[in-house]
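**Q** Before anything else, here's the structure in question.
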Amino acid sequence: MNYLPNNADISTFGRPLGEEIFYDGLGFGLGFSVVVDQAKTRVACPNGTFAWGGMASTVFWVDPVNEISAMFFTQLIPSSTYPIRQYLRSLVYAALVD
């Protein structure tokens, strides 16, 4: 759940640091980002998905709607070198079959 005032997203509270991840549509819960407006996130994941990334391009996310847990470990610094987090998420969601 988003704990930012007025259900705001992270982009209204900080400045972008050149990361490949956009903060539009992401709120902040107790230790993680949480999707509050999927249309603004630019990635395929439903509202309620929570995630966080590390300095060396690592990332994890949990999507309770589609019952997905993903962890990606790498050592690529800076994280903005390649948009691998977005590619990984796009590939995972593209592989889902009804």
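None of the figures in this text is laboratory data; all of them are computed from the coordinates on show. Here the structure is a predicted model, which means the values were calculated and not measured.
**Q** Once you keep just the Cα pairs under 8 angstrom separated by 6 or more residues, what percentage relative contact order results for the chain?
**A** Normalised by residue count, the contact order of the chain is 21 percent.
**Q** Return the calculated 222 nm mean residue ellipticity for the chain, to the nearest 500 deg cm²/dmol, obtained by summing -39500 (n - 2.57) across DSSP H runs with n ≥ 4 and dividing by the residue count.
**A** It comes out at -4000 deg cm²/dmol, rounded to the nearest 500.
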